[in-house]
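What follows is a short report on a single structure.
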Amino acid sequence: MPNFSYQIQSKLPNAATSIFAIMSGLANEQNALNLSQGFPNFPVSRELINLVTKAMNNGFNQYAPMTGIIELREVIADKFSSLYGINYNPETEVTITAGATQAIYSIISSFIQKDDEVIIFAPAYDCYDPAIKLNGGKTIEIELHAPEFDVDWNKVKESITDKTKMIIINTPHNPSGTVLSENDMKTLEKLVRGTNIIILSDEVYEHIIFDKIKHQSVALFKGLAERSFIVASFGKTFHATGWKMGYCLAPAELMAEFRKTHQFNVFSVNHPMQKALATYMKKPENYLGLPDFYQAKRDFFLNAIKDSNFSIIPSKGTYFQLLGYENISDENDVDFAVRLTKENKIASIPISVFYNNKIDKKVLRFCFSKNEDTLLRAADILCRI
């Protein structure tokens, strides 16, 4: 190799290996139950797998259209018309993506320029801030009020400036498991009225919501829908996170800009899986049954740990449950999560990693999208701590 030295000026100087990779790696190393990374440990629908195989056998193995196959975009538009009473044009306002993270990155890349400000709510999913920084933007992080993790809308109002280009919301919210209410959405709608602010609404857990709560999509609010991207995930909805399949919706003018970036990012997305999903989604019961399915898992898990020393506020959505350990230890959450993995053989995610300034609330996130045997073993461990 030549003796070459390059002085790297990192665009993400403080970025490290994802906590999800770290904790999953540690779980594997320690042979611990992995309730850290958010993936199910039960099988994908056999019908859906067979549809993918059928599509492959039928020759759908070359590039799909850049925007996604029209059959899938049409069924997505039909879903939004049925659930939210809004009509998205499948030709110009729906795009299939390589998972939700790619959609989020491409949206931010399409609109955020040097010194633009983007408001996010912390604890925040970890892909938002790096994408903003990579595009020269500035993250304005507003802390949600623990333990309910609700939004201080007065703080949001105070944080909006003439440099505010985008606000990113996430409901149901990862990692807290909270959901935005109708009043929250109407307040946001009022705050952005008369501005050029774009809303990026991360709604990947839209069908994983509990206690008969209604998902408040931005699609339900005219003043938000007209300025919003909605990001969704087939992986989350159909227990196939490894497929990295998602989609986004937005008014045609915004979507046209998104597609300029999307085509040079991934260009197009897995063709046979698109064919399979287009058929599978024609049966609404394949996603409308998810609230009951996951609430049963949440309730099973919470009942099994009700006598533990952890503090519990039941998750309202997503397949994550926060557990407070303030009655157990004074350790910071990263150290405590590592110790639980090594000594107690159960892996979780410390919540401080979802804040830029690493605020420690003495809270860990556990994933309950697991079979009952796994949840019982996890509960047995947690009740002994």
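Each reported figure results from applying straightforward, stated rules to the coordinates on display, with no laboratory input. Remember, predicted model here, so these are calculated numbers, not experimental data. Cβ atoms come from the backbone with ideal geometry, glycine included; neighbour counts cover every protein chain shown.
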* In order through segment 53-66: 3J(HN,Hα) via Karplus (6.51 cos²θ - 1.76 cosθ + 1.60), integer Hz, x for Gly, Pro -> 4, 4, 5, 5, 5, 8, x, 8, 10, 9, 3, 7, x, 4
* Asked: Of the listed peptides 191-200, 349-358, what is their order by residue-averaged count of other C-beta atoms within 10 Å, with the highest listed first?
  -> 349-358, 191-200
* To do: Please work out the ratio of the alpha-carbon Rg of segment 24-93 to 2.2 N^0.38 Å and round it to two decimals.
  => 1.67
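Sort 323-335, 102-114 by the packing proxy (mean of other Cβ within 10 Å over each peptide's residues), most packed first.
Order by mean packing, descending: 102-114, 323-335.
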* Taking +1 at the Cβ of each Lys and Arg and -1 at the Cβ of each Asp and Glu, which of Phe267, Ile351, Phe42 sits farthest along the dipole of the chain towards its positive end, judged by Cα position relative to the Cα centre? -> Phe267
* Exposure proxy order (Cβ contacts within 10 Å, fewest to most) of Ser315, Ser228 -> Ser228, Ser315
* To do: With +1 on each Lys and Arg Cβ and -1 on each Asp and Glu Cβ, and nothing else charged, work out how big the dipole of segment 46-282 is about its Cα centre, in Debye to the nearest 20.
  => 600
* Asked: If r is the Cβ-Cβ distance from Gln9 to Thr161 and R0 is 25 Å, what FRET efficiency results, to the nearest 0.05?
  -> 0.35
* To do: Nearest 5 is fine: what % of DSSP beta bridges in the chain come out antiparallel, could you say?
  => 50
* Structure fact -> Assertion target for Met273, Met281, Met66, ordered by fewest C-beta neighbours within 10 angstrom first, is Met66, Met281, Met273
* Per-residue HN-Hα couplings for segment 206-212, Karplus 6.51 cos²θ - 1.76 cosθ + 1.60 at θ = phi - 60°, whole Hz, x for Gly and Pro? -> 4, 9, 10, 9, 10, 6, 6
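Can you say what percent of the DSSP beta bridges in segment 182-339, counting only those with both residues inside, are antiparallel? Round to 5. Before the final figure, lay out the partial values.
On the way: 7 of 11 bridges.
Just about 65 percent of them are antiparallel.
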* Order by neighbour count: Cys248, Cys383, fewest other Cβ atoms within 10 Å first, most last. => Cys383, Cys248
* Asked: Which of Ile86, Tyr128, Leu51 sits farthest toward the positive end of the charge dipole of segment 46-282, with +1 on the Cβ of Lys and Arg and -1 on the Cβ of Asp and Glu?
  -> Leu51
* Structure fact -> For segment 46-282, shape from the Cα gyration tensor axes a ≥ b ≥ c, cut at a/c of 1.5 then a/b versus b/c, turns out prolate
* **Residue-wise HN-Hα coupling along segment 376-385, computed from phi with Karplus coefficients 6.51, -1.76, 1.60 (Hz; x: Gly, Pro)** => 5, 5, 5, 4, 4, 5, 5, 6, 9, 8
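Checking the table Lys133/Lys342; Lys157/Lys260; Lys54/Lys370; Lys11/Lys358; Lys79/Lys361 against a 30 Å threshold on Cα-Cα, which pairs fail?
Working: Lys133/Lys342 34 Å; Lys157/Lys260 32 Å; Lys54/Lys370 28 Å; Lys11/Lys358 20 Å; Lys79/Lys361 38 Å.
In this structure, Lys133/Lys342; Lys157/Lys260; Lys79/Lys361 exceed 30 Å between Cα atoms.
Ranking request for peptides 125-137, 170-182: highest mean number of other beta-carbon atoms within 10 Å first, then the rest in descending order. Kindly include the intermediate steps, with their values, before the conclusion.
Values: 125-137: 18.9, 170-182: 23.2.
Listed from highest to lowest mean packing, they are 170-182, 125-137.
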